[in-house]
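Below you'll find the structure, written out as structure tokens, and then a few comments.
The values are calculated or read from the model by the stated rules, or taken from the named source; none is laboratory data. Note that the coordinates shown come from a computational prediction; the quantities given were computed from them, not determined experimentally. All Cβ positions, even for glycine, are placed from backbone atoms using ideal geometry, and neighbour counts span all protein chains on display.
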Amino acid sequence: MIRKLQHVFALSEKGARDFVKAVAWCFLCNVGLMLPVGVVMATLQYLLETLETGGDPAAKVLVYTGGAAAVLALLFLLHWFQYASLYLATYQESAARRIALAETLRKLPLSFFGTRDLSDLTSTMIADCSSLDQMFSHYIPQLFASILSTVFIGVCMFCFDWRMALAVLWVLPAAVLLTAGSKKLQDAFGTRNILTKREVADAIQEDIEAIRDIQSCNRQEACLQELDRRLEAAEQSSIRSELITGVFVCSAQAFLRIGLATTVLVGAELLTGGELSFLYFLGFLFAAARLYDPLGLVLQNIAATFNAKLKIERMRAIQEQPVQTGVETCEPENFDIVFDHVKFAYRDGESVLEDVSFTARQGQVTALVGPSGGGKSTACKLAARFWDIQGGKITLGGIDISTVDPETLLKHYSFVFQDVVLFRDTILENIRLGRRGATDEEVYAAARAARCDEFVRELPEGYQTVVGENGSTLSGGERQRISIARALLKDAPVILLDEATASLDVENETAVQEAISRLVKDKTVLIIAHRMRTVAGADHVVVLADGGVAQEGAPAELLAQNGLYRQMAERQQ
Ligand SMILES: Nc1ncnc2c1ncn2[C@@H]1O[C@H](COP(=O)(O)OP(=O)(O)OP(=O)(O)O)[C@@H](O)[C@H]1O
């Protein structure tokens, strides 16, 4: 059962066990609500008997008051445990769910992010998790507990008087059928509502991200109109979804109340026929009111429970994605990277690398060149197992990288990519990201080598200056130099440089090239640079074009050949 619950509700094993406990406490609370009915009945019975026999009604007042106090104390304890089991367990599970999602995302290949909308992922991580917190703390365990407690109380009622039990309970199947029968409709409207709301969130995120382009193209008016249209659609869809839910839930709740009327009618009939005592009649009336209360609440929230399905499915879809795995040790003999007949496509049928074989040797700078879209960046990222390839083999020092855990593998790599990611933190910490635990002196040394020192010292707070989100307060060249400093600090045996010097002016590019050439001693360097000046300093050049290796060799050798490399060099000159 635990496994089934884990699967159906996307829970951890502990979460599923806690869920069962929460249902058990809710059940006990619901059944416990009948105890005051028992106390009232016992007290009334005692009073009636003493009135009939002419005894002193106050004689046992302490016993009955004590009984009522004990029931109250018991109810308090039951609610206390119910509260703890529902809320504490739910929020612990919620933390575990978020961490599990983040762990899964961390281990997923980048191909997954290429196929998923990032705002959709964010909304699963934030909004879906929050609404599941609400459902698991307020609705779903109560729903299960109410079903169980209703069955239990119903059986007890039948044991006392089957006719009265029928008078109380006949409305339940009708109310449940009405709500369950509307499930399809509520599902459809609820799902549409969630999707239209998500579209609004996507549109807002997209507009914010592209705000500069929108303004520069004078598209503000059009974008606002589009956003208005989506907001209108979301509003309409919310109203429709609430209306559908409201109609069915209110009808079901009203139906439950009819049960009180039939209890009174049947009870009165039996009472006048002398077939039921007044005490039992009162008892059934109290019990009916107590029974309908938690049920009414469950019906009120049942639409939210229906919506849980979609959210759980989205979460499960992420959790069940195949993650990249591998051994957690990687001690290669050397750090040569070998591409051996590598085949790769981002999407089925759209091959990017068809048959690529080359070697990037340790201690050498291997430059990947070729026409735009030829697959240089792709090859560079494949060398670090950002994606898994569809054919051939990539090895690092003889070890097939597809057999190594990505995080273990990445310890051997430093990167400088075209799109530099900086965090909202000080420049010092942004560089220290290259190697946690590096001393300030080591960070300064790396910054000096990457030519960051001059511009950082001119900033108002030097290395303690906090850069804006993604380094928005820095120029492109400055961001890239920080990224180079990080790579220098990490001092990994393999260095991947993608357009490393693209945003630097000639003076800085020369300086950074000097720093890199000091760093690359005994390392494997795979560099992508469009400028021939950068490539000319490489030991080995691989020309990638049309999904394969068009040319390969030392820059001078390639220049001497009448091929793509020479054409590119001439064009640039
Ligand atoms: N994440 C991705 N998802 C799908 N297709 C991609 C992705 N990244 C690149 N591509 C496609 O793969 C092909 C190779 O791209 P890649 O960036 O590797 O080329 P490149 O040689 O580095 O180009 P450039 O010199 O312009 O940077 C291109 O057709 C590109 O559109």
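Some observations on this one:
- Entry remark, segment 549-565: residues being at pLDDT below 90, under 13 Å from residue 370 (Cβ atoms) and outside any loop (DSSP other than H, G, I, E, B) number 3 in total.
- Any hit, segment 118-126, residues being without any contact (Cβ under 8 Å) to a residue 40 or more places away in the chain and among the small types (Gly, Ala, Ser): no
- Of all residues in segment 292-344, exactly one satisfies the criterion of being part of a helix (DSSP H, G or I), under 22 Å from residue 107 (Cβ atoms) and among the acidic types (Asp, Glu), namely 313.
- Filtered residue count, segment 139-175, keeping only those that are of a type in the set (Phe, Trp, Tyr) and either touching a Lys or Arg at 6+ places or on another chain (Cβ under 6 Å) or within 13 Å of residue 287 (Cα to Cα) (or both): 3
- Inside segment 166-206, residues that are over 27 Å from the mean Cα position of the chain (by Cα) and part of a helix (DSSP H, G or I) make up a count of 16.
- In segment 40-54, the residues that are surrounded by 13 or more Cβ atoms within 10 Å (Cβ to Cβ) and free of Cβ contacts under 8 Å to residues at least 12 places away in the same chain: 47, 50
- If you go through segment 285-315 and pick out every residue that is in contact with a helix residue (DSSP H, G or I) (Cβ under 8 Å, 6 or more places away or on another chain), of a type outside the set (A, V, I, L, M, F, W, C) and either farther than 30 Å from residue 264 by Cβ or without any contact (Cβ under 8 Å) to a residue 12 or more places away in the chain (or both), you end up with 5.
- Neighbours by Cβ (under 7 Å, 6+ apart or cross-chain): first from segment 4-30, over 17 Å from residue 96 (Cα atoms); second of a type in the set (Phe, Trp, Tyr): 23/144; 25/81
- Residue list for segment 337-354, restricted to those being more than 9 Å from the ligand (Cβ to nearest atom) and of a type in the set (A, V, I, L, M): 337, 338, 342
- Residue 420 within 16 Å of the ligand (Cβ to nearest atom) and within 29 Å of residue 361 (Cβ to Cβ): yes
- Candidates are the residues of segment 361-381 that are near the ligand (Cβ under 7 Å from one of its atoms) and polar (S, T, N, Q); the one that is modelled with the lowest pLDDT is 372.
- Look at (1) over 33 Å from the mean Cα position of the chain (by Cα); (2) at pLDDT 85 or above; (3) surrounded by 14 or more Cβ atoms within 10 Å (Cβ to Cβ) and you find that residue 77 fails only one, number (3).
- Residue within segment 399-413 that is within 19 Å of residue 332 (Cα to Cα), within 16 Å of the ligand (Cβ to nearest atom) and buried (at least 17 other Cβ atoms within 10 Å of the Cβ) present: no
- Which listed residue, of 498, 505, 546, 522, is modelled with pLDDT under 90, surrounded by 19 or more Cβ atoms within 10 Å (Cβ to Cβ) and of a type in the set (Asp, Glu): 498
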